Amino acid sequence: MHASLPIKHESRIESSNNAASFVGSAHNHGPYQEDYFLATVIDIDRITPSMVRAVFSITEGERLVASGHPDEWVRIAFQPDPETPLTLPTRLENGKWGRPDGSKHCPNRPYTIRYWQPSSSEMTVDFVVHDGGVASTWAINARIGDVVGICNPEGRFWLPENSEWMLLMGDITALPAISRILEEKPESMPAIAHIEIPATADRQDLDHVLNSDLTWHEWDELSSAGRTDLAAIVRMITSLPAGPGYIYIAGEATAVSECRKHFRDVLGFDKQRIATLGYWIEGQARV
Ligand SMILES: Cc1cc2nc3c(=O)[nH]c(=O)nc-3n(C[C@H](O)[C@H](O)[C@H](O)COP(=O)(O)OP(=O)(O)OC[C@H]3O[C@@H](n4cnc5c(N)ncnc54)[C@H](O)[C@@H]3O)c2cc1C
């Protein structure tokens, strides 16, 4: 069921995170620290039909503060138009961030950090390709040397103490987050994952993850980008493992909300142990 893909080898994430750091009753990291960086494309590759992988070199990346969450994301800022340069907020004398030069706010979108290597300040981000959208269009046309802006990462996934299992569910936009969570989870923690992808060719190799039960849900139609069946897929889940667990759902906002309702109302799962992230909204651009 897990197809091997010709994905170029990436070393395992090297960061301040470790498997145990996102398990527990309290978030053991400091408050979010606002900061901005320039990121230059050093590698770009269409790793599967629906996914473009960009590797960025982060300028002054030694300042970047990892969030400690395995689903961490950054907002990526893009040049507003060909005539307007990419600009970032700067730190003002009062310590706040602003645009004293009156520069224009750049369009930006949240993307998961698939890999972060602090020793070389290299960050890997996987972009789903779809029609329209500043981020998707940028990714399709990106070239080595292109520059975007990023901010310090933030994240959400946090395994409650005493969890005995985790269930991860998402459409292809959540594949980077789910992959990282699976790779960084404690090996002894059983994980169930349901990932919706446009076609078999969009599978990624997660065979190396121990103690996981992964199901790919495929449309077998690459043109399906922009649609999701997550709300129907969740109805196929009719029972959950025994004991306290944790459910993490990310993808199209309405579908994610339907999934949450299913686990809470149909399967009677504790809503406090469900994390939901609406990643994108069908028919609506993010702002
Ligand atoms: C925390 C977080 C992490 C995320 N991580 C990733 C990630 O690692 N990889 C990733 O690809 N996405 C990720 N996303 C989703 C991504 O931010 C959105 O898909 C975003 O809207 C894309 O921006 P855009 O400029 O291409 O399209 P927009 O300008 O936002 O939208 C333009 C049109 O495209 C549609 N659209 C938007 N996204 C999709 C999509 N994925 N498929 C089909 N149609 C779409 C919209 O409905 C709209 O009609 C993440 C979102 C969040 C909140």
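Here, each number is a calculation from the coordinates, and none is a lab measurement. The model shown is predicted, which means the values in this text are computed figures rather than measured ones. All Cβ positions, glycine included, derive from the backbone under ideal geometry; neighbour counts span all protein chains shown.
Worth a mention:
- Prolate/oblate/rounded label for the chain (Cα gyration tensor, a/c 1.5): prolate
- Relative contact order [Cα under 8 Å, 6+ residues apart], the range 165-280, whole percent: 29 percent
- Expected 222 nm ellipticity per residue - DSSP helices of 4 or more, -39500 (n - 2.57), all of the chain, to 500: -3000 deg cm²/dmol
- The chain: antiparallel DSSP beta bridges as a percent of all, rounded to 5: 60 percent
- Which of Ser67, Ser212, Ser120 has the fewest Cβ neighbours within 10 Å, and the rest in rising order: Ser120, Ser212, Ser67
- Once the Cα gyration tensor of the range 197-287 is diagonalised, semi-axes √(5λ) in Å: 23, 19, 12
- Dipole magnitude of the chain about its Cα centre (Cβ charges: Lys, Arg +1; Asp, Glu -1), debye to nearest 20: 560 debye
- When the GluC sites (Glu not before Pro) in the range 216-287 are filtered for DSSP coil states and for at most 13 other beta-carbon atoms within 10 Å of their beta-carbon, the remaining sites are Glu221, Glu282.
- Residues Ser103, Ser188, Ser50 arranged by fewest to most Cβ contacts within 10 Å: Ser188, Ser103, Ser50
- Cα shape, the range 19-151, gyration tensor, a/c 1.5 rule: oblate
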